[in-house]
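The values are calculated or read from the model by the stated rules, or taken from the named source; none is laboratory data. Here the structure is a predicted model, which means the values were calculated and not measured. Here the Cβ positions follow ideal geometry from the backbone for every residue, glycine too, while neighbour counts run over all protein chains shown. For the accessible areas, the whole protein counts, side chains as well, though only heavy atoms, and no ligand, DNA or RNA atoms are used. Shrake-Rupley method; radii C 1.70, N 1.55, O 1.52, S 1.80 Å.
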Amino acid sequence: MAERESMEYDVVIVGAGPAGLAAAIRLKQLAAKAEREIAVCVLEKGSEVGAHILSGAVIDPIAIDELIPDWRDLDSPLTVPVVENHHWVLSAGGKTELPHLLMPPFMNNKGTFTCSLGNFCRWLAGQAEALGVEIFPGFAAAEVLFDGHGAVRGVATGDMGVARDGTHKGDYQPGMELHAKYTFFAEGVRGHLSKELKGLFDLERDCQPQTYAIGIKELWDIDPALHVPGKVVHTQGWPLSDATGGGFIYHQANNQVALGFVVGLGYKNPHLSPFHEFQRWKHHPDIAAMLKGGRRVSYGARAINEGGWQSVPKLAFPGGALIGCSAGFVNVPRIKGSHTAMKSGMLAAEAAFDEIVSGRMTPELTAYQPAVEASWIAKELKKVRNAGPALEKFGAVTGTVYAGFDMWMHQLGVKLPWTFKHHRDNEQLWRADIAPKIAYPKPDNVLSFDRLSSVFLSNVNHEEDQPVHLTLRDTEVPIAVNYAMYDSPEQRYCPAGVYEIVGAEQGAPKLQINAQNCVHCKSCDIKDPTQNIKWVVPEGGGGPNYPNM
């Protein structure tokens, strides 16, 4: 076996999303101010920065105002301010507009911007590189490295040129070890190394289970006459009846509209398909009218943290820290998380820099968690901690009313003493034989589409002759449990057609995994009833290539 080379840094950051890049920038800013040198490296598994970034997105600029105060003069992509806010409660044929006066002021989008989060990250990467940060796209962090005392020592990138059977192809290259004083994990939702570290260091011992949703998004070019730059619409209600979630429509620059649908992964009916709910949603008269004459140009999907403040784990451990969505700082009622992710990265950077320049080098960044708890991240998330769980606890109508009450109480300074708990998403499914089946209409290829044509628009690509990155802990479980009890729900919760039952008509059902279709959404790693499916990182550079998502 070829020996791996190694490189030394002060801080290694896994993931070039908002949190990781904000951390890198803050480290370099602090070093410049103190006239010190600090070596910072960012690893990104996508083929380029932004290739795997997918979000709505409406961005609160509070964090970027702190990080780069003159960002407005630096050709940033935050150019479309939100000018209209709408919240629609949908029925099958109509809508009721929920007045924003009924919502607490912090729910207003005044001062926010709508844009492509991928493009925002590309811009952030440029700012980081100008400060001397080394960014390596196309290199996936595949392994956590430890020192002799069990502390994180860095990460190793995955080997390249390994065939599906494990043999080395002609272009084989061993992975690289990146050693660091501190390693930040900014992998996003359900990062595979973050998941490993949570278990190893028991980081979730004192918090509620994290809960998730799947967000499915399309980008459309629409008729300029129907385009209102900065218009933001959120919907709830139809077509969902026994699941939480809703839709979003963001009018962005260049006559483009980002629209998508979010379904909480705690749903109970195994026959439900989030992808098909999204396609059905677009046929609502008010949404169809907005898309009339338009053309779909991109597609993607990604899991979203929904647990809130009570699901944030212990953030620091010997040698490293969780930042951004690896920790779960999404403000679910506001449908925003980029600003909190960035702030967490900045706070971790400040804690690490202080340890490095002081020479203390305490194994664990003990200042990081208290800094988060004293920041506006905690203040913001504590206010809304019961809103999401209320929908699960009381249902859509009563839950929405309660959520409004709870948030208004916090807005008025009445700190309610209770915090709702969570249930694990993978434990919620009913048996297929007692759950009502759902008849989804066929796509019309005008507003609604099938999964394979959708995946094509995600520009997904994996080297075919490589080990399958969607692994099974037990190869018997997919048929003995999932197929027998739940009618193989992985066929429906996956938005990319990765999982398919073949041979059922011949009496020999078998799970076929089309790993090359995977858009790295992580739904299977979350929703699989027995947690038998384990997502591991594929060869670097694989996966979707989102151009403007």
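Taking VAL297 as the residue in question, decide whether it is farther than 18 Å from PRO389 by Cα, open to solvent by 30 Å² or more (accessible area, probe 1.4 Å) and part of a strand (DSSP E or B).
For VAL297, the condition - farther than 18 Å from PRO389 by Cα, open to solvent by 30 Å² or more (accessible area, probe 1.4 Å) and part of a strand (DSSP E or B) - is met.
Test ARG334 against the criterion of being farther than 30 Å from TYR402 by Cα and modelled with pLDDT under 95, and give yes or no.
Numbers: farther than 30 Å from TYR402 by Cα: no; modelled with pLDDT under 95: yes.
No, not satisfied.
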- Restricting attention to region 516-536, which residues are among the hydrophobic types (A, V, I, L, M, F, W, C), crowded, with 21+ Cβ neighbours inside 10 Å and not in a strand (DSSP E or B)? CYS518, VAL519, CYS521, CYS524, ILE526
- Query: From the list SER488, SER448, SER453, which one is at pLDDT 95 or above and outside any loop (DSSP other than H, G, I, E, B)?
  - Reply: SER453
- Can you tell me which residues in region 495-515 are free of Cβ contacts under 8 Å to residues at least 60 places away in the same chain and either assigned to a loop (DSSP other than H, G, I, E, B) or crowded, with 17+ Cβ neighbours inside 10 Å (or both)? GLY497, VAL498, TYR499, ILE501, GLY503, GLY507, ALA508, PRO509, LEU511, ILE513, ASN514, ALA515
- Expected single match for in a loop (DSSP other than H, G, I, E, B), out of contact with any strand residue (DSSP E or B) (no Cβ under 8 Å at 6 or more places or on another chain) and more than 17 Å from VAL330 (Cα to Cα) among PRO363, PRO370 is PRO363
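Suppose the filter is surrounded by fewer than 17 Cβ atoms within 10 Å (Cβ to Cβ) and polar (S, T, N, Q); does ASN119 pass it?
no
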- Message: Among the residues in region 10-20, are any without any contact (Cβ under 8 Å) to a residue 60 or more places away in the chain, within 16 Å of LEU131 (Cβ to Cβ) and among the hydrophobic types (A, V, I, L, M, F, W, C)?
- Response: no
- Of the candidates GLU84, GLU129, GLU143, GLU134, the one satisfying the condition of being surrounded by fewer than 20 Cβ atoms within 10 Å (Cβ to Cβ) and under 26 Å from ASN255 (Cβ atoms) is GLU84
- Across region 435-478, what is the number of residues that are touching a residue at least 12 places away in the same chain (Cβ under 8 Å), under 18 Å from PRO544 (Cα atoms) and among the hydroxyl-bearing types (Ser, Thr, Tyr)? 2
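Can you report the number of residues in region 128-158 which are of a type in the set (Phe, Trp, Tyr), closer than 19 Å to ASN545 by Cβ and not in a loop (DSSP other than H, G, I, E, B)?
So the answer is 1.
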- Task: Identify the residue in region 311-341 that is charged (D, E, K, R) and part of a loop (DSSP other than H, G, I, E, B) and, among all such residues, is nearest to ILE249 (Cα to Cα).
- Result: ARG334
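Against the condition of a type in the set (Lys, Arg), modelled with pLDDT of 95 or more and at negative phi, how does LYS379 come out, does it pass?
For LYS379, the condition - of a type in the set (Lys, Arg), modelled with pLDDT of 95 or more and at negative phi - is met.
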- Is region 224-246 home to any residue that is under 18 Å from VAL330 (Cβ atoms), in contact with a Pro (Cβ under 6 Å, 6 or more places away or on another chain) and not in a strand (DSSP E or B)? no
- Item | Selection from region 147-177 of residues that are over 16 Å from GLY540 (Cα atoms) and aliphatic (A, V, I, L, M) | ALA151, VAL152
- Message: If I ask for residues that are without any contact (Cβ under 8 Å) to a residue 60 or more places away in the chain and either open to solvent by less than 30 Å² (accessible area, probe 1.4 Å) or not charged (D, E, K, R) (or both), which ones from region 174-199 would you list?
- Response: GLY199
- Message: Can you go through SER523, SER488 and tell me which one is small (Gly, Ala, Ser) and on the phi > 0 side of the Ramachandran plot?
- Response: SER488
- So SER344 fits all but one of (1) open to solvent by 10 Å² or more (accessible area, probe 1.4 Å); (2) polar (S, T, N, Q); (3) in contact with a helix residue (DSSP H, G or I) (Cβ under 8 Å, 6 or more places away or on another chain); (4) assigned to a helix (DSSP H, G or I); what number is the exception? (1)
